[in-house]
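See structure below.
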Amino acid sequence: MPYFLGTRLAAPTYARGQMVAGLTLLCLFAGSSSGAERQVSTALHIDAGRLQSNLEHLAEIGRDPGGGITRLGLSQAELDAHTYAMSLMKDAGLTVRTDAAGNVFGRREGSKQLPALLFGSHLDTVPHGGAYDGSLGAIGAIEVIRALNAARVTTRHPLEVVVWTNEEGPHFGISAFGSSVAAGTIGHEVLNRKDEQGDTVADWLRRYGQDPGKLASARIAPGSLSAIVELHIEQGPNLEETKVPIGVVLGIVGLRRWMCVATGTTNHAGTTPMKRRHDALATAARELLAVRDSVRAEDGQQVGTVGYMRAEPGAPNVIAGRVEFPYELRDLDAAKIEHMQARALQRFADIDREEGTTTVCTEVNHIEPALSDPGIMALIRQAALSAGLATADLPSGAVHDAGEISRLAPMGMIFVPSHDGISHAPGEFTQPNDIANGVEILYRTILLLDKKLGAK
Ligand code: GLV
Ligand code: MN
Ligand code: MN
């Protein structure tokens, strides 16, 4: 029995260009008498049941007994997920290879000698994360290949499915690790970075069967890609709230992350008068609020976060002498991130003076904002229109591998709704119907790109 696309746009709920909760709906509705309506085909090319069962299988890798999935980048669980993806790629007839950053590529040749069309995502998660962030885009990309095989479609461009290594970044503090190496925005300088066990990035790459000394060989040569497309869950509430099934990403925020150490004086919590304390945890707590104030000091969608603090020695009756904490700032405008950072650092200096402590921060991650290619955005809208699905343009507050690869080739991203806007948490959920819609639109977008890119 064929599957059919759901959540179709019923006229006259939305109209072209109508603003709904700040989002512009750019797709027509089924039931209009326009020419576009005649081209609407709601039958799925992809196999929604197979896709769902692959996602369920994957969700068992790194499953936490307490809830959620812990499949950190550069860990045995991520490696197991890569192995699973490679087996699916081989079953789909792809020629599989890995690069020195541990990224996995599966290639399907085209009829012409053209730069490849690249699409995929990542399989690592944050600690106690969800089953869809990254996994949907990676497994969905393999499903697109299987659907093309089933329909006996030969594309002009070679197609490459990619699974990037360590997109999330909690392990080693580097988000979008694999794609940044591929884009050449990071390199050998990260190899000796240590995790809490004392293992380095290089150690982990060796466990992935790679030679860290050859990390630079993972760089993708400019000109060797036609485009990069990534399907992803929205990870926010907008699409669900506005009942729009397909998001067209306008751009991906830039991210800068620092690791800070506040140093004070360890002392007795009962005998040290309040006036004589140099409490590193008090400093860090005030600095957390300074980051928040600095972000809130101007209008906009910029965000800033201190995700955790580690106080030492960590006893209830000891004043903390050392606190380690990261903070990160994100926005679509790199200059705004600079301003927020300058304000935060000024406050940190004031707080240190007042508390008699010292705070030293080192930048550990710097990802520039990335804008989507307007031509690819238009093709995603066209693909959704052909399926009778509404679209909305929206920015991404999450970082994505496609952003790094946009330094090399035009980039587009497709979003599908996240239930209750929850992500990076065990409650992350996307309806099977929305998943099928997203992968079907990826399928159609790839075919449109294959037809339109470089066509005379
Ligand atoms: C990754 O999902 C991030 O945005 O941190
Ligand atoms: Mn992701
Ligand atoms: Mn994520």
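Considering only residues that are more than 16 Å from ligand 1 (Cβ to nearest atom) and among the charged types (D, E, K, R), which ones fall in segment 220-242?
E240, E241
Given E338, E324, which one is away from ligand 1 (no atom under 16 Å from the Cβ), outside any helix (DSSP H, G or I) and either closer than 30 Å to D47 by Cα or not aliphatic (A, V, I, L, M) (or both)?
On the way: E338 fails: outside any helix (DSSP H, G or I).
Result of the check over E338, E324: E324.
How about segment 286-308: which of its residues are open to solvent by 40 Å² or more (accessible area, probe 1.4 Å) and under 16 Å from T358 (Cβ atoms)?
Selection gives R286 alone.
Of all residues in segment 119-153, count the ones that are closer than 27 Å to G236 by Cα and either away from ligand 2 (no atom under 16 Å from the Cβ) or free of Cβ contacts under 8 Å to residues at least 24 places away in the same chain (or both).
Of the residues in segment 119-153, 3 are closer than 27 Å to G236 by Cα and either away from ligand 2 (no atom under 16 Å from the Cβ) or free of Cβ contacts under 8 Å to residues at least 24 places away in the same chain (or both).
Within segment 179-191, is there a residue that is at pLDDT 95 or above, within 13 Å of ligand 2 (Cβ to nearest atom) and surrounded by 19 or more Cβ atoms within 10 Å (Cβ to Cβ)?
Within segment 179-191, one or more residues are at pLDDT 95 or above, within 13 Å of ligand 2 (Cβ to nearest atom) and surrounded by 19 or more Cβ atoms within 10 Å (Cβ to Cβ).
Could you count how many residues in segment 231-241 are away from ligand 3 (no atom under 14 Å from the Cβ) and open to solvent by 10 Å² or more (accessible area, probe 1.4 Å)?
So the answer is 4.
Among the residues of segment 194-248, what is the count of those that are among the aliphatic types (A, V, I, L, M) and farther than 24 Å from G134 by Cβ?
Number satisfying all stated conditions: 2.
Can you name the residue in segment 120-146 that is charged (D, E, K, R) and surrounded by 24 or more Cβ atoms within 10 Å (Cβ to Cβ) and is also farthest from A176 (Cα to Cα) among such residues?
By that ranking, first place goes to E143.
Quick check on T98: is it among the hydroxyl-bearing types (S, T, Y) and under 18 Å from D401 (Cα atoms)?
So T98 fits the description; yes.
Can you pull out every residue in segment 148-177 that is of a type in the set (A, V, I, L, M, F, W, C), away from ligand 3 (no atom under 16 Å from the Cβ) and either part of a loop (DSSP other than H, G, I, E, B) or crowded, with 21+ Cβ neighbours inside 10 Å (or both)?
Of everything in segment 148-177, those that are of a type in the set (A, V, I, L, M, F, W, C), away from ligand 3 (no atom under 16 Å from the Cβ) and either part of a loop (DSSP other than H, G, I, E, B) or crowded, with 21+ Cβ neighbours inside 10 Å (or both) turn out to be L148, A151, V153, L159, V161, V162.
So F325 fits all but one of (1) farther than 22 Å from P237 by Cα; (2) within 16 Å of ligand 3 (Cβ to nearest atom); (3) open to solvent by less than 10 Å² (accessible area, probe 1.4 Å); what number is the exception?
(2)
Sort through G251, G264 and tell me the only one that's touching a residue at least 24 places away in the same chain (Cβ under 8 Å) and open to solvent by less than 10 Å² (accessible area, probe 1.4 Å).
The unique qualifying residue is G251.
Go over the candidates S217, S180 one by one and state the one that is part of a helix (DSSP H, G or I) and within 16 Å of ligand 1 (Cβ to nearest atom).
From the options S217, S180, the qualifying one is S180.
Going by the structure shown, is A392 outside any strand (DSSP E or B), hydrophobic (A, V, I, L, M, F, W, C) and closer than 13 Å to V249 by Cβ?
So A392 fails the test.
The values are calculated or read from the model by the stated rules, or taken from the named source; none is laboratory data. On a predicted model such as this, the values are computed, not experimentally measured, just so you know. Because the Cβ atoms are built from the backbone with ideal geometry, glycine has one as well, and the counts that use them run over all protein chains shown. The protein model used for the area step is the full one, side chains on, heavy atoms only, and it has no ligands, DNA or RNA in it. Shrake-Rupley method; radii C 1.70, N 1.55, O 1.52, S 1.80 Å.
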